[in-house]
Amino acid sequence: MALGRCAVLMIMAGCAPATKRAVATPAPSAAAPHGSPAVVATPHTGGTSYELPGDWTLARDDDAGQELARGEACWDLGDVACAGLAFEAAIALAPNGGAAQAARWYLGHIYTYIDRQPLRAADRYLEIVAAAPATTASRKAHLAAAAALAEAKAWPRAVQVLADALARDDLAFDQRVEALARRGYVHLTTGALDEAEADLRTAIKTWQGAPRIDDPYFVAMAHNYLGDTMRERFRRHVLRQPLSELKVDLDAKRRLLLLAYDAYRQTLAFRTPYWATAAGYAMADLFYEYFQVATSIPLPANWSSTQAEAYRQEVWALVAENLHKARDGHLKNVELSDAYGVSTEWSRASALRAAQIDVAIASYERQHAK
């Protein structure tokens with residue numbers, strides 16, 4: 001994951017090395033850091049290329065340029081501490097120069113993926129936005145800052161940065177989809193479901209209207225979080241008594257569940273390992289969640305214990321198949337992960353959930369064997 005001197009020149013000023021070595025975001029993973037230097041991406045920071053944009057002209061013969069070169073040499077050797085000090089020195093020597101801008105980009109990557117200081121990363125990225133507002137670098141830095149703020153759970157600031165990014169008139173289609181998907185996620189996380197749904201549906205509509213978007217990562221992200229939004233609406237919908245109202249509420253819950261399932265199903269079509277397994281987990285777990293809701297419906301207070309038990313037995317018989325569907329779905333999600341050749345947090349969670357559901361099925365069968 002090194003980005004050497006010639007790669008910087010190539011991206012920024014047109015150098016053409018034999019082999020391009022550029023910093024790029026790894027696939028999202030919950031695994032421990034790997035490689036040297038250690039890099040770990042998350043759903044927030046994944047999916048975005050962190051190659052340096054080509055807007056800056058670098059002077060290598062001044063002090064700031066020499067510090068940048070020293071930082072790159074340290075970086076290539078895996079000495080992140082040395083690289084960080086050199087990049088900070090390049091900024092201090094000539095804050096408005098091209099070397100400083102490149103150093104800020106490097107530091108944003110270091111603070112995001114290695115030192116795990118996302119707020120510092122966001123600050124460095126936003127310095128790029130302020131210094132060169134009408135550049136490719138500025139657009140990329142705006143979105144990188146939003147990703148870092150989401151990683152830091154700095155929700156209000158993330159919303160503001162994304163609002164500022166979306167107010168730009170120079171975002172490409174894929175960047176607008178990314179910004180909308182990210183803001184939809186922030187709204188979902190903070191419980192603003194109407195705002196989340198609006199942003200996520202707009203992201204999908206933007207993708208549908210785009211001439212071409214090569215990387216579907218954020219399109220898949222928007223579909224997945226739209227499913228999560230519908231699932232959260234399902235969870236929030238309260239079941240009421242008497243039975244006449246309970247029937248209406250259960251029907252409403254069922255419709256929300258179908259909307260969530262459809263959004264997750266569409267996520268699978270984009271074949272992005274992280275979001276595909278996230279959607280696979282959710283689709284399987286919807287059956288489990290529906291089973292839990294159906295078997296915990298509040299019963300009328302005037303029912304006798306005999307009536308209540310007879311009702312529970314009937315409900316269990318009707319919805320028990322959902323446990324089997326949930327388990328089978330989770331096992332298929334593990335198989336999907338294997339087919340992609342990756343292990344994600346969602347495929348690992350599916351393996352655990354399948355085992356938990358097996359226990360529930362065994363318990364149910366023991367009860368009904370008596």
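Tabulated data for the structure shown
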item	result
Test: residue in segment 218-229 that is charged (D, E, K, R), modelled with pLDDT of 95 or more and under 18 Å from L166 (Cα atoms)	no
Any hit, segment 254-269, residues being of a type in the set (A, V, I, L, M, F, W, C), under 26 Å from the mean Cα position of the chain (by Cα) and not in a helix (DSSP H, G or I)	yes
Qualifying residue in segment 290-309 (condition: surrounded by 15 or more Cβ atoms within 10 Å (Cβ to Cβ), closer than 30 Å to V219 by Cβ and more than 20 Å from the chain's Cα centre (by Cα))	yes
Checking N333 against (1) without any contact (Cβ under 8 Å) to a residue 40 or more places away in the chain; (2) under 11 Å from T277 (Cα atoms), the condition it does not meet	(1)
Selection from segment 38-77 of residues that are in a loop (DSSP other than H, G, I, E, B) and at pLDDT 90 or above	L77
Any hit, segment 211-220, residues being within 16 Å of V293 (Cβ to Cβ) and among the aliphatic types (A, V, I, L, M)	no
Extreme residue, surrounded by the fewest Cβ atoms within 10 Å (Cβ to Cβ), among residues of segment 244-281 that are among the small types (G, A, S) and free of Cβ contacts under 8 Å to residues at least 60 places away in the same chain	S244
Residues within segment 124-143 that are farther than 16 Å from A167 by Cα and under 21 Å from the mean Cα position of the chain (by Cα), tallied	1
Filtered residues of segment 99-136 (kept if surrounded by fewer than 21 Cβ atoms within 10 Å (Cβ to Cβ) and part of a helix (DSSP H, G or I))	I114, L119, R120, D123, E127, A130, A131, T136
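The values are calculated or read from the model by the stated rules, or taken from the named source; none is laboratory data. Source: prediction; values computed, not measured. Glycine gets a Cβ as well: all are built from the backbone with ideal geometry, and neighbour counts include every protein chain shown.
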